Amino acid sequence: MTEQLINLNRRNFLQYASKAAIVLPLAGVGAMWLSACGNGGSLFAQPSLARDSNTKAPWKISIISEAEPGEPLVISGTIYAPDAHTPLEGISLWVYHTDATGHYSKLSESGGDNRNTRLHGLMQTNRQGRYEFRTIKPAPYPGRTNPAHIHAYVSGPGYPEYWIDEFLFE
């Protein structure tokens with residue numbers, strides 16, 4: 001175990017951290033999930049696919065145009081069932097973040113106002129539970145100490161909508 005920690009590089013750490021961030025919420029860990037039980041409504045204002053629809057979002061998306069300024073970034077991973085071994089197909093992942101200037105939209109001056117987000121996307125895991133999105137590295141809110149981050153929500157058949165702690169950047 002000690003040697004594994006010593007050989008853990010930044011890329012491997014981010015892979016393990018993103019997997020843990022997906023698996024733990026699906027296991028029902030967290031007060032946000034518990035507060036949503038039984039209320040029949042969504043905790044989060046985000047687009048979703050109709051539950052009785054046969055519409056399926058792609059598993060691999062780009063949430064930016066080729067002209068978007070910023071450092072290119074590709075995030076991918078696998079969403080597993082609570083057993084942490086079985087990949088889940090058809091799980092929705094909704095992500096959004098600030099642009100290279102730290103703003104969610106052209107209208108937000110403080111950066112932290114996440115209404116009308118410009119850089120966002122919805123994807124659904126494929127048969128292997130995989131997802132991937134192409135974007136840019138977000139910037140922190142201007143004049144604030146919050147680190148740059150990407151917000152993420154997951155949901156799917158048999159699982160309530162759940163906010164995952166952000167993907168954080170140095």
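Taking the Cβ of F133 as the center, what net charge do the other residues with Cβ under 14 Å away carry, scoring Lys and Arg +1 and Asp and Glu -1?
+2
For the range 81-170, what class follows from the C-alpha gyration tensor (a ≥ b ≥ c being the square roots of its eigenvalues): rounded when a/c is under 1.5, otherwise prolate if a/b is larger than b/c, else oblate?
prolate
State, to one decimal in nm, how far the label point of H149 lies from the label point of K137, with both points 7 Å from Cα in the Cβ direction.
For H149 paired with K137, the spin-label model returns 1.8 nm.
We did not get these values from a lab; they are worked out from the coordinates using the rules stated. Here the structure is a predicted model, which is why all the values come from computation and not from measurement. Cβ: placed from backbone, ideal geometry, glycine included. Neighbour counts: every protein chain shown.
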